[in-house]
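Below you'll find the structure, written out as C-alpha cells, and then a few comments.
Readers should treat all values here as calculations from the given coordinates under stated rules, not as data from a laboratory. From a predicted model like this one, the values you see are computed outputs, not experimental measurements. With ideal geometry, Cβ positions are generated from the backbone for all residues, glycine too; neighbour counts draw on all protein chains shown.
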C-alpha cells in the first residue's frame, strides 16, 4: 500500500512524502491559487496534491516523479491531467 503525506511549508509550497514497501521519496510541490482555480476550485491545496499524486502514481513509479515542481508541470508531461483533475 502506498501512503502520501503532505506537509505545508508555506501557503504555496508543500512537502510530499510517498512511501510504499520499497521505500520513500520526497517531493517539493508548489501550488498557486491560480492552480486551484484551474484544476479543482472546490478543493484545498492538500486535496489537489493528493489527487495529483494518485494520478501520477497510476502512471509511473514514485521514483520517476520530479523532486521539485510546480503543479502545472504535470500537464506538460501528461496532457490529460487537467481533464482528470476537473472531473474529480
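Overview of results
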quantity: Distance between modelled label sites at residue 55 and residue 20, nm, 7 Å Cα→Cβ extension; calculated: 1.9 nm
quantity: Degrees between helix 45-57 axis and first principal axis of the chain (Cα, 0 to 90, nearest 10); calculated: 60 degrees
quantity: Exposure proxy ranking, count of Cβ atoms within 10 Å, fewest first, for 77, 39; calculated: 77, 39
quantity: Distance (nanometres) between label positions extended 7 Å along Cα→Cβ at residue 82 and residue 70; calculated: 1.5 nm
quantity: Exposure proxy ranking, count of Cβ atoms within 10 Å, fewest first, for 65, 49, 13; calculated: 13, 65, 49
quantity: Residue of 34, 12, 52 that the Gaussian network model of the chain assigns the largest fluctuation, springs spanning Cα pairs under 10 Å; calculated: 34
quantity: Shape parameters for the chain, alpha-carbon atoms, Rg then Dmax in Å; calculated: 12.1, 35
quantity: Label-point separation, residue 34 to residue 5 (7 Å along Cα→Cβ), nm; calculated: 3.3 nm
quantity: Whole-Å distance, taken between Cα centres, linking the stretch 53-88 and the stretch 10-52; calculated: 10 Å
